[in-house]
Amino acid sequence: MFPLTTIAQITEVGYVKQYNGKEAKSAISGVEIQVEKAQSTTTDDDGFFKLVFPTQKAGNSVVISEIYKSGYIIFNKDVVNAWRISGNKTPFVIVMCQESQFRQLKKKYYGLIEKSYKEDYEREKIKLQKSNLEAEMLKTQLMNLENNYKFYEYYK
């Protein structure tokens, strides 16, 4: 009799979807996914992938070596970087975006930020100028009051 040893393994499943703005995300096939401690895989026509971790447990971090498809970049990078093996068969979703579309979004986004900062700057500048003007008016009023008092004291 030989003792049976079972190696615990866990499977992580998910989808790779394409960012399409306000429209529904669509599947991306042919995305290469390489993570540590699991065999590499490529997404199928539905964007589905399956990773088998022979020695990992639910809750362990998924350490990414590469998620790649030519012309695409990872859109939800923060989520992907925080990826942990779920253990409950809930599909993990990786969202990718075409590089050209991402550059346009980035340009638009940074344009909005720049506009917002400029508006904030202009608003604060006007507030400070108004504040300085009020301070100058107060200074003038105080000087007039002081001069009136001195005049009164001189002629009393």
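Just a few scattered comments:
- Scan segment 31-78 for residues that are surrounded by 14 or more Cβ atoms within 10 Å (Cβ to Cβ), assigned to a loop (DSSP other than H, G, I, E, B) and under 26 Å from the mean Cα position of the chain (by Cα) and the total you get is 8.
- Taking every residue in segment 85-109 that is over 20 Å from I28 (Cβ atoms) and pairing it with any residue that is among the small types (G, A, S), at least 6 positions away or on another chain, the pairs with Cβ-Cβ distances below 6 Å are I85/A58; G87/A58.
- Filter result for A8 (open to solvent by 60 Å² or more (accessible area, probe 1.4 Å), small (G, A, S), touching a residue at least 24 places away in the same chain (Cβ under 8 Å) and on the phi < 0 side of the Ramachandran plot): yes
- Failed item, numbered, when L133 is tested on (1) open to solvent by less than 100 Å² (accessible area, probe 1.4 Å); (2) assigned to a helix (DSSP H, G or I): (1)
- Yes/no for K89 being at positive phi and exposed (fewer than 15 other Cβ atoms within 10 Å of the Cβ): yes
The values are calculated or read from the model by the stated rules, or taken from the named source; none is laboratory data. Keep in mind it's a predicted model, so treat the numbers as computed, not measured. As a convention, Cβ positions derive from the backbone with ideal geometry for all residues, glycine included, and neighbour counts pool all protein chains shown. Note: areas computed on protein heavy atoms with side chains; ligands, DNA, RNA excluded. Shrake-Rupley method; radii C 1.70, N 1.55, O 1.52, S 1.80 Å.
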